[in-house]
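Working notes for the structure below.
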Amino acid sequence: MGKTEQKKIPTIEEIRKKYAPIRNVNIQHKEKLSALDKLAVWITNHVGSMGFFLIIFAWTALWLGWNTLAPVDARFDPYPAFVLWLFISNMIQIFLMPLIMIGQNLQSKHSEMRAEQDFIIDKRAEIEVETILLHLENQNDMILKILKNLPKQQ
């Protein structure tokens, strides 16, 4: 850099004008969800939990236990059939599979929004750091000029 040539150092106001304010994409994503989308996300979050697994496991054990160990007259789906249980478990799977996929798609969109916002923030931070470094470099140059002129003045 020549003595008369100055680097254009952006000010904080210029950086603020250039970039939009940082937004909370979590809130923005939740506001865009319809009632059905919210239901799909809720089901996805709860079906994919140990609590749901334990409920299904306990219900299956109870169903099979009752229909194999209870008095013959009290059994409603006796061994070896278990047809009703197979039908119900298949219906649960058929209904949950698309809901889980919908919920995962919504969560994926949310993740993409967060990643994009992170990139924007990182890009903005990089420019701010570069600006700070340019200001420091400019200050160093000014301090060196001042130090060179000090012995002449004394």
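All of the numbers you see were taken from the coordinates with simple rules; none came from a lab. What you are looking at is a predicted structure, and each value in this text was computed from that prediction instead of being measured. Virtual Cβ from ideal backbone geometry, glycine too; neighbours counted across all protein chains shown.
Data for the structure
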| quantity | calculated |
| --- | --- |
| Reach of Lys8 by Cα under 23 Å, taken over lysines that are not fewer than 8 positions away in the same chain | Lys17, Lys18, Lys123, Lys145 |
| Dipole magnitude of the chain, debye to nearest 20 (Cβ charges: Lys/Arg +1, Asp/Glu -1, about Cα centre) | 780 |
| Signed unit charges on C-beta, dipole axis of region 42-141, positive-most listed residue Ala81, Phe95, Thr60 | Ala81 |
| Computed E for Gln93/Ile121 - FRET, C-beta separation, R0 41 angstrom, nearest 0.05 | 0.50 |
| Nearest-ten-degree value, helix 83-153 long axis tilted from longest Cα axis of the chain | 10 |
| Residue among Leu150, Thr11, Ala40 farthest towards the positive dipole end of the chain, charges placed on Cβ | Leu150 |
| Highest-first arrangement of 103-111, 42-50, 11-19, where packing means the average Cβ count within 10 Å | 103-111, 42-50, 11-19 |
| Per-pair calculated FRET efficiency, R0 = 30 Å: Leu86 and Leu39 via Cβ, rounded to 0.05 | 0.65 |
